[in-house]
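Every read-out reported here was derived from the displayed coordinates using simple, explicitly stated rules and does not represent laboratory data. In this text, all values refer to a predicted model and were calculated from it rather than measured experimentally. In this analysis, Cβ positions are derived from the backbone assuming ideal geometry, glycine residues included, and neighbour counts consider all displayed protein chains.
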Amino acid sequence: MSLSKAEQSLLKPIQVDFIRERLQSTTDAAAARAIGRTPAAISQWKNKLVIDAIVTRLQAAPILQAQQVLIDAAVKASMVKIEGLESVDETVRQSAASDILDRIGITRRPMKPLDEDFRFVDDEELSKMIHEVISGEYTVIGEEEVDFG
């Protein structure tokens with residue numbers, strides 16, 4: 001526990017004990033009982049709001065430290081992903097590339113299910129369909145026009 005000199009000057013020794021116990025317990029009542037006081041007595045302290053603010057700040061400190069450790073680790077993790085782009089293994093390169101693009105918001109488009117009337121076509125029918133599209137005889141509703149010429 002690290003109280004500033006200003007905080008210490010505002011607190012009585014029993015209040016410092018309360019803060020120390022409050023950091024170890026889940027409720028004010030449990031901390032009050034641990035120092036031999038009633039919860040009602042603690043709630044009557046004139047500087048109770050200051051004490052609550054100090055407890056909140058001290059509880060947040062380890063969380064902020066942990067977040068900073070994770071932020072520092074994120075830089076290293078990013079470097080590992082970037083190094084993966086140089087791998088001799090194609091699967092590793094593809095995975096690293098996908099992960100990086102996903103993290104920055106460039107994601108894959110979801111696959112659409114096949115329509116119920118989907119059917120396989122033979123080579124002759126496929127050639128005919130390609131010719132219709134290229135010649136402009138066939139248009140797809142909702143698609144941008146593509147100039148094949």
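Which order results if Lys12, Lys48 are arranged by neighbouring Cβ count within 10 Å, fewest first?
Ascending Cβ contact count within 10 Å gives the list Lys12, Lys48.
Rounded to the nearest 20 Debye, what is the dipole magnitude of the stretch 12-74 about its Cα centre when Lys and Arg each give +1 and Asp and Glu each give -1 at the C-beta?
Dipole about the Cα centre, nearest 20: 320 debye.
Could you work out how much longer the chain between Val88 and Lys12 gets when fully extended? Use 0.36 nm per residue separation minus the Cα distance between them, nm to one decimal.
Result for the pair: 20.8 nm of gain on full extension.
How high is the FRET efficiency from Ile104 to Leu3, r the C-beta distance, R0 35 Å, rounded to 0.05?
My answer for the efficiency is 0.25.
Tell me whether the stretch 5-103 comes out rounded, prolate or oblate; compute the Cα gyration tensor, take square roots of the eigenvalues as a ≥ b ≥ c, and use a/c under 1.5 as the rounded threshold.
Because a/c hits 1.5 or more and a/b exceeds b/c, the stretch 5-103 counts as prolate.
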